[in-house]
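The values are calculated or read from the model by the stated rules, or taken from the named source; none is laboratory data. All values reported here derive from a predicted model rather than from experimental measurement. Cβ placement follows ideal geometry from the backbone for every residue including glycine, while neighbour counts extend to all protein chains displayed.
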Amino acid sequence: MDGPVRGTGSLMSAQATQLWLPALDRFDRAHPLRRLLVQADRLPDEPCGRLGGLAHAFGTDAATLPAAALIREHLLGDAGEAIWLNADPAWVQPDMAGVRLLACGSMSLALDEAQAFAELLQPAFAEAGLQLEISAPNHWQSRLAPGMQLPDFATPEQALGEDLYQHLPQGAEGRPWRMLLNEAQVLLHQHPLNAARQSRGLPPVNSVWLWGAGRLPASLHSRFAGVVGSDTLLLALAACAGIPSRACTQDAVALAPAGWLLDLQDLSAAELGDAWCAAIEALARRQPLHMVFASGERWSWRPLHRWRFWRGAPR
């Protein structure tokens, strides 16, 4: 899974609003957003993935970002001092090269579906000394016992689209977790809810993905004054850092204060045409922007750039 990249150095104004966008190759040459890029200044590419971008934005490290505890606290407010681990619902599919992780944590689950799947998995988790808890339909977690030894867990973006066995916890320390994942897949494989989901054009929930272990940090500091977005982890980070957040709407984008982070990465290029692009253009008329694409490309825009009539057609 590609993700936003961080912007650093003297080129990045502290007051510029940062706009996170989908991968650039998803925007065709006629897309209205391309017109803005023609007049903006190209910055060096800097890909680091979505979690890396989030971690940098909130002054932490992607490798140790306690995503599970942050999400738990944001959704239910009871993370406390415990160590939490995400066990998010996932879709895996076998092919000639192995078993690929195709989706994780964005499965369009209803609460009753999530509860039914979790009930089936509870005995396997209990045997491993864990309790599977549903914080939200797409966000499942386990509270870990004090002193429990943890291997390195790969993030979903590291494993998506690849053979998942290359990203499982390794060695003797990882063996119980590999066994738990295998048992979860066996249990979920023939669940009748999956046939019903597939009949509605939805992917099956036939695995879980373990990642994001850690304790809730006492505090975080953000390099942004506020955020606009719908991603649960982004909103959880903003809450922990004590900065405001707004739902991702066209008005929120058009009227965003300077120095905010606007996360539009979950929108498609088609959605970002017309009304959404009009909101971005309204924002660009009144303040500097740094446009950051999931594929790593970056542009710097200032309102005076709109007078660059001599620049050519969108590329």
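Annotations for the structure displayed:
- Residue in region 148-164 that is among the β-branched types (Val, Ile, Thr) and at pLDDT 95 or above present: no
- Selection status of PHE153, among the aromatic types (Phe, Trp, Tyr), more than 22 Å from the chain's Cα centre (by Cα) and under 22 Å from ALA69 (Cα atoms): no
- Each residue in region 206-256 was checked for being part of a strand (DSSP E or B) and either among the basic types (Lys, Arg) or under 28 Å from MET179 (Cβ atoms) (or both), and 10 pass.
- The condition (being assigned by TED's automatic domain parsing to the domain that holds GLU281 and either surrounded by 14 or more Cβ atoms within 10 Å (Cβ to Cβ) or among the hydrophobic types (A, V, I, L, M, F, W, C) (or both)) is satisfied by just one residue among LEU43, LEU130, LEU102: LEU43.
- Every listed requirement among (1) at pLDDT 95 or above; (2) closer than 27 Å to LEU130 by Cβ is met by ARG246 save one, (2).
- Set side by side, the residues ALA236, ALA252 differ, and just one is modelled with pLDDT of 95 or more, in contact with a Lys or Arg (Cβ under 6 Å, 6 or more places away or on another chain) and either outside the structural domain of LEU75 (by TED's automatic domain parsing) or within 25 Å of ALA103 (Cα to Cα) (or both), which is ALA252.
- Search result, residues across region 155-177 that are crowded, with 18+ Cβ neighbours inside 10 Å and closer than 14 Å to LEU101 by Cα: THR155, PRO156, ALA159, LEU160, LEU164, HIS167, LEU168
- The single condition from (1) in contact (Cβ under 8 Å) with a residue 40 or more places away in the chain; (2) in a loop (DSSP other than H, G, I, E, B) that HIS290 fails is (2).
- Cβ-Cβ under 9 Å pairs, at least 6 apart or on other chains, region 266-278 side assigned by TED's automatic domain parsing to the domain that holds ALA23 and assigned to a loop (DSSP other than H, G, I, E, B), far side modelled with pLDDT of 90 or more and of a type in the set (Ser, Thr, Tyr): ASP266/SER230
- Residue within region 63-80 that is more than 25 Å from PRO257 (Cα to Cα), at pLDDT below 95 and part of a helix (DSSP H, G or I) present: yes
- Criterion: farther than 29 Å from LEU76 by Cα, in the same structural domain as LEU24 (by TED's automatic domain parsing) and either in contact with a Leu (Cβ under 6 Å, 6 or more places away or on another chain) or of a type in the set (Phe, Trp, Tyr) (or both) - qualifying residue of TRP299, TRP260: TRP299
- Taking region 109-205 and the helices (runs of 4 or more DSSP H) fully enclosed by it, the elements with 2 or more residues that are of a type in the set (Lys, Arg) and free of Cβ contacts under 8 Å to residues at least 24 places away in the same chain are at 171-189.
- Which listed residue, of LEU255, LEU233, LEU220, is surrounded by fewer than 17 Cβ atoms within 10 Å (Cβ to Cβ), within 23 Å of TRP20 (Cβ to Cβ) and of a type in the set (A, V, I, L, M, F, W, C): LEU255
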